Amino acid sequence: MSKLTDINYVKGVLSKHGFTFSKALGQNFLVNPSVCPKMASFSGADAQTGVIEIGPGAGVLTHELALLSYKVVAVEVDKRLPAVLAETLSEHDNITVINDDAMKMDFHRLIQEEFPTGEVVVCANLPYYITSPILMRLLEERLPVKAITVMVQKEAADRICAEPGTRASGAISAAVHYYCEPEHLFKVSAGSFLPAPKVDSSVIRLKIRKEPPIQAADERLFFKVVRAAFLQRRKTLSNSLSAGLSLPKATVTELLVSAGIPDKARAEEMTMQQFADITAAVYALG
Ligand code: SAM
């Protein structure tokens, strides 16, 4: 069992470095010994596959990833943590810690410089306050990675993995399904963290697709349509699209009819193909 799941050890190292948890940075560190080995093995990290980790914290997941992979690059925004990590991960010589903001990081450059050959995966217990923007950044930038295995709040996991066209789906479900095949791996209870958050979490894996599941007339317009459709969740699709795309209601009704979609339909009822059909109809407007 890793010493990084021994609460007394973790508390001792953190206090030695004068570290106190920052809520604003989403700092809830894993202390349940069964979670990180499982996450690391699902991530695809191995002797030929490098890993990018976002937010290593005190290094509990980093340690498990470094046991499986030839190289782990961990990006941590908190200036206080590299000194902690130098101590907690001192037994490893295959970990690079970069003190930077994952929202601003140039990941293409990082991959070119740190992983010039071989496959790369992303694995992280994501700070909850930037779950969606980080995931969307990684996906939209089309990073050359095989899979993204992340822990997120359970509700976010449900939304991200929901099949478009089902009640639980949202704009992020359609975006995620466009780029990858998401799957729920396992749940993690709130008591697995120090300090314990208010809600449970889930580990999900996003396997990057080689080709999107549908052909969009225009990729940017497809995402604009999806965002507009979910802008006002409680309203009908035609109202949301009219507001979100700044189009007259009559034009939207016409284009929905041309795409074979009932006027009273709601965004969460739309499949990926139907979003593509709406995009084609909007595209045809010129
Ligand atoms: N991986 C550790 C674990 O599982 O115990 C820590 C996970 S904690 C939920 C999230 C981590 O992300 C924290 O270490 C936090 O400082 C870091 N973090 C927050 N915002 C970040 C950002 N913009 N870029 C990089 N790291 C960030």
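For Gly118, which of the numbered conditions (1) on the phi > 0 side of the Ramachandran plot; (2) under 18 Å from the mean Cα position of the chain (by Cα) fails to hold? Unmet for Gly118, out of (1) on the phi > 0 side of the Ramachandran plot; (2) under 18 Å from the mean Cα position of the chain (by Cα): (2). Looking only at segment 142-167, how many residues end up being assigned to a loop (DSSP other than H, G, I, E, B), free of Cβ contacts under 8 Å to residues at least 60 places away in the same chain and aliphatic (A, V, I, L, M)? So the answer is 2.
Of everything listed in (1) surrounded by fewer than 19 Cβ atoms within 10 Å (Cβ to Cβ); (2) more than 21 Å from Tyr178 (Cβ to Cβ), the single unmet condition for Ser238 is (1). When every residue of segment 68-88 is checked against the conditions, at least one turns out to be small (Gly, Ala, Ser), buried (at least 23 other Cβ atoms within 10 Å of the Cβ) and either assigned by TED's automatic domain parsing to the domain that holds Phe21 or modelled with pLDDT under 95 (or both). Just one of (1) within 13 Å of the ligand (Cβ to nearest atom); (2) in a loop (DSSP other than H, G, I, E, B); (3) more than 18 Å from Leu61 (Cβ to Cβ) trips up Ala102, so point out which. So Ala102 meets the others, but not (3). Looking at segment 42-50, can you tell me whether even one residue there is over 26 Å from Arg142 (Cα atoms) and out of contact with any helix residue (DSSP H, G or I) (no Cβ under 8 Å at 6 or more places or on another chain)? No, segment 42-50 has no match at all. Can you say whether Ala24 is surrounded by fewer than 19 Cβ atoms within 10 Å (Cβ to Cβ), at pLDDT 95 or above and over 21 Å from Gly191 (Cβ atoms), as far as the supplied structure shows? Against the criterion (surrounded by fewer than 19 Cβ atoms within 10 Å (Cβ to Cβ), at pLDDT 95 or above and over 21 Å from Gly191 (Cβ atoms)), Ala24 qualifies. Quick one: how many residues across segment 125-141 are within 13 Å of the ligand (Cβ to nearest atom) and part of a loop (DSSP other than H, G, I, E, B)? Going through segment 125-141 one residue at a time, the tally reaches 2.
The values are calculated or read from the model by the stated rules, or taken from the named source; none is laboratory data. In this text the structure is predicted, and so the values were computed from the model without any measurement. Please note: Cβ atoms are built from the backbone with ideal geometry, for glycine as well, and neighbour counts cover all protein chains shown.
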